[in-house]
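Report on one structure; see the data block that follows.
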Amino acid sequence: MEKRKIILDCDPGHDDAIAIMLAAKSPLIDLLGVTVVAGNQTLDKTVMNTLNVCQHLGIDVPIYKGCGQPMIRDKQIIAPEIHGESGLDGPLFAPLTRRVEPKHAVLYLAETLLQSDGDITVVTTGPMTNLAMAIRLYPEILPKIKEIVLMGGTYQLGNMTPAAEFNIFADADAAHVAFTCGRKITMVGLDVSRKALCLPSVMERMSKIGTSASKLFIEIMTFFNTTQKQVFGWDGGPLHDPITIAFLIDPTVLTVKEMFTQIDIRGEQSYGRTNCDFFHNSGQKPNSFVATDINVAKFWDIIEAGLRAYSP
Ligand code: BDR
Ligand code: CA
């Protein structure tokens with residue numbers, strides 16, 4: 001089967017790191033490059049974390065540094081209460097020798113898409129700033145984007161505010177650009193990721209695998225599960241970001257519904273909300289696919305296979 005070409009735009013971040021692991025070794029995915037954005041921590045830290053994960057696991061994919069600030073709003077929102085001071089607290093890494101590519105992530109995205117046959121899927125698991133900047137600077141890339149799959153948003157309760165999910169809240173303008181760009185877009189939000197809780201039974205299962213990736217998975221999720229318990233009370237952290245990759249590996253892992261989605265870029269209390277017209281009340285033509293359910297057993301099977309793809 002032909003591999004699906006993707007660029008993964010992320011802000012590692014515990015769950016982002018696992019999304020990278022899953023994408024890098026899947027026989028069904030051709031990970032062309034990883035572009036990094038500020039989000040879970042400041043840009044220098046999310047870049048460092050990406051390099052550390054790739055160096056540690058021998059993932060030989062070019063890494064590009066992108067935007068350190070949202071498109072319009074002044075302040076970068078970060079999440080140390082969930083991801084720690086480094087943005088990837090928990091695991092310890094050897095001294096870093098891997099380096100980022102000299103090109104800016106936005107330029108890399110634009111050039112790679114332009115030179116492509118229109119067969120590249122852009123996956124975002126952080127604030128959507130890099131992709132939105134590429135779209136605004138180089139609108140000619142639009143017909144070249146095969147589709148966009150993002151982790152972000154919710155049609156239920158937010159995790160940043162009662163209304164908004166972190167990735168969208170951190171750069172709602174960028175999300176607005178992505179949702180109005182006219183390309184196929186699939187939103188994998190908290191509505192499904194809150195069902196993929198990394199419970200003690202999952203930790204036990206993954207700890208038995210014994211590869212470099214499974215060991216790193218356990219170190220990463222031990223920290224993440226602790227902060228998720230402190231902040232949200234979950235007995236296991238929701239493994240948000242890798243669901244995008246699992247969906248590309250096996251689309252039957254998610255149930256999706258076509259809906260009209262609008263990002264609240266003007267509100268106060270509901271700023272950054274993904275207003276998904278679940279019941280089609282607005283009469284507006286759907287502009288997005290929104291994940292409404294996840295086959296949790298299938299998802300953990302995909303994660304396990306992904307961790308097993310690495311050597312001990
Ligand atoms: C999203 O926010 C980040 O903290 C995670 O990495 C994930 O992308 C979940 O709301
Ligand atoms: Ca993320």
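Across the stretch 1-17, what is the total count of residues that are more than 10 Å from ligand 2 (Cβ to nearest atom) and touching a residue at least 40 places away in the same chain (Cβ under 8 Å)?
Step one: list which residues in the stretch 1-17 are more than 10 Å from ligand 2 (Cβ to nearest atom), which gives 1-8.
Next, from what is left, pick out any that are touching a residue at least 40 places away in the same chain (Cβ under 8 Å): 4-8.
Total satisfying the criteria: 5.
Would you please name the residue that is nearest to VAL188 (Cα to Cα), looking only at residues in the stretch 238-287 that are of a type in the set (D, E, K, R) and surrounded by 18 or more Cβ atoms within 10 Å (Cβ to Cβ)? If we take residues in the stretch 238-287 being of a type in the set (D, E, K, R) and surrounded by 18 or more Cβ atoms within 10 Å (Cβ to Cβ), then ASP241 is nearest to VAL188 (Cα to Cα).
State all residues of the stretch 1-47 that are farther than 16 Å from LEU307 by Cβ and small (Gly, Ala, Ser); if no residue qualifies, say none. If the condition is that a residue be farther than 16 Å from LEU307 by Cβ and small (Gly, Ala, Ser), then GLY13, GLY33, ALA38, GLY39 are the ones that fit. Among the residues making up the stretch 151-184, a single one is within 9 Å of ligand 1 (Cβ to nearest atom) and acidic (Asp, Glu): GLU165. Considering the stretch 116-149 alone, what residues qualify as being within 14 Å of ligand 1 (Cβ to nearest atom) and touching a Pro at 6+ places or on another chain (Cβ under 7 Å)? Matches in the stretch 116-149: PRO127, THR129. When LYS75 is tested against the conditions (1) away from ligand 2 (no atom under 16 Å from the Cβ); (2) of a type in the set (Lys, Arg); (3) at pLDDT 95 or above, the lone failure is (3).
Counting only helices (runs of 4 or more DSSP H) wholly contained in the stretch 39-130, the ones carrying 3 or more residues that are over 30 Å from TYR271 (Cα atoms) occupy 43-57, 105-114. Kindly indicate whether THR35 is in contact (Cβ under 8 Å) with a residue 60 or more places away in the chain, outside any loop (DSSP other than H, G, I, E, B) and crowded, with 24+ Cβ neighbours inside 10 Å. Yes, satisfied. Does ILE135 fit the bill of being crowded, with 24+ Cβ neighbours inside 10 Å and more than 16 Å from ligand 2 (Cβ to nearest atom)? For ILE135, the condition - crowded, with 24+ Cβ neighbours inside 10 Å and more than 16 Å from ligand 2 (Cβ to nearest atom) - is met. Quick check on the stretch 169-187. Is at least one of its residues touching a strand residue (DSSP E or B) at 6+ places or on another chain (Cβ under 6 Å) and closer than 26 Å to GLU304 by Cα? The answer is yes; a qualifying residue exists.
The values are calculated or read from the model by the stated rules, or taken from the named source; none is laboratory data. Values in this document were obtained by computation on a predicted structure and should not be read as measured data. So basically every Cβ, Gly included, is an ideal-geometry build from the backbone, and we count neighbours across all protein chains shown.
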